[in-house]
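Working notes, beginning with the structure itself.
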């Protein structure tokens with residue numbers, strides 16, 4: 001791990017952090033505003049739908065949603081599970097559900113890492129990941145640990161980052177530690193979703 005901390009002095013890595021954390025902040029802000037606007041008109045309907053979904057599919061269904069969404073590229077983001085928890089009776093025990101889903105997301109990343117290691121020689125895999133690999137080849141090969149951290153914390157696709165980390169054979173221990181940053185990310189996003197109204201109101205008063 002000493003090498004990873006030394007890499008933090010790299011100007012290139014600092015640039016990657018600035019770039020992707022800025023994108024993450026903008027994405028989170030857009031998410032807060034979107035949920036606030038939707039809730040203004042449809043709060044009762046959203047709560048009824050969220051309660052129905054959580055009762056119908058249970059926490060196991062939300063866990064499966066997160067696992068699949070973060071193992072492969074899915075049209076349904078894992079944040080949907082956080083939204084349903086925040087708008088349903090599950091919020092009362094969010095401190096159990098949300099960190100657990102973050103850990104499930106990390107395990108999904110591990111599965112992606114294993115898939116990348118096992119299927120790296122398949123042409124279809126190389127074609128599917130070609131654009132990401134072309135853009136981030138040097139960064140992943142030099143800063144593999146921190147690229148996984150960025151994938152865990154920012155809009156950089158987490159599942160793709162994990163696949164590519166497997167393809168580049170990033171050491172598993174380092175990879176797993178980096179993937180655990182998914183847990184605080186889930187907690188942060190959950191609170192942003194749950195308190196979107198208060199945050200939007202604060203931002204409106206400031207601006």
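The values are calculated or read from the model by the stated rules, or taken from the named source; none is laboratory data. In this text the structure is predicted, and so the values were computed from the model without any measurement. As a convention, Cβ positions derive from the backbone with ideal geometry for all residues, glycine included, and neighbour counts pool all protein chains shown.
Selection of the stretch 47-87 for residues being in contact (Cβ under 8 Å) with a residue 40 or more places away in the chain, within 23 Å of the chain's Cα centre (by Cα) and assigned to a helix (DSSP H, G or I) yields 63, 66, 67, 68, 69, 70, 71, 79, 82, 83, 85, 86.
Across the stretch 7-33, the qualifying residues are those that are exposed (fewer than 13 other Cβ atoms within 10 Å of the Cβ) and in contact with a helix residue (DSSP H, G or I) (Cβ under 9 Å, 6 or more places away or on another chain), and the one among them that is nearest to residue 97 (Cα to Cα) is 8. Determine whether residue 175 is closer than 21 Å to residue 73 by Cα, at pLDDT 90 or above and crowded, with 16+ Cβ neighbours inside 10 Å. Here the answer is yes, as residue 175 does meet what is asked.
Check the stretch 113-130 and report whether any residue there is modelled with pLDDT of 90 or more and touching a helix residue (DSSP H, G or I) at 6+ places or on another chain (Cβ under 8 Å). Scanning the stretch 113-130 turns up at least one residue that is modelled with pLDDT of 90 or more and touching a helix residue (DSSP H, G or I) at 6+ places or on another chain (Cβ under 8 Å).
A single entry from 36, 21 fulfils the requirement of being over 13 Å from the mean Cα position of the chain (by Cα) and in a helix (DSSP H, G or I): 36.
The C-beta contact set for the stretch 17-28 (first residue in contact (Cβ under 8 Å) with a residue 12 or more places away in the chain, second residue exposed (fewer than 13 other Cβ atoms within 10 Å of the Cβ), distance under 9 angstrom, 6+ apart or interchain) comprises 17/8. Criterion applied to 164, 133 was being surrounded by 21 or more Cβ atoms within 10 Å (Cβ to Cβ), at negative phi, touching a helix residue (DSSP H, G or I) at 6+ places or on another chain (Cβ under 8 Å) and at pLDDT below 90, and the one residue passing it is 164. With the requirement that a residue be crowded, with 20+ Cβ neighbours inside 10 Å and not in a helix (DSSP H, G or I), what does the stretch 145-161 give you? Matches in the stretch 145-161: 154, 156. Listed conditions (1) at pLDDT 90 or above; (2) within 27 Å of residue 166 (Cα to Cα); (3) crowded, with 16+ Cβ neighbours inside 10 Å are all met by residue 94, apart from (2). Is it fair to say residue 59 is at pLDDT 90 or above and closer than 19 Å to residue 162 by Cβ? No; evaluated as a whole, the condition is false for this residue.
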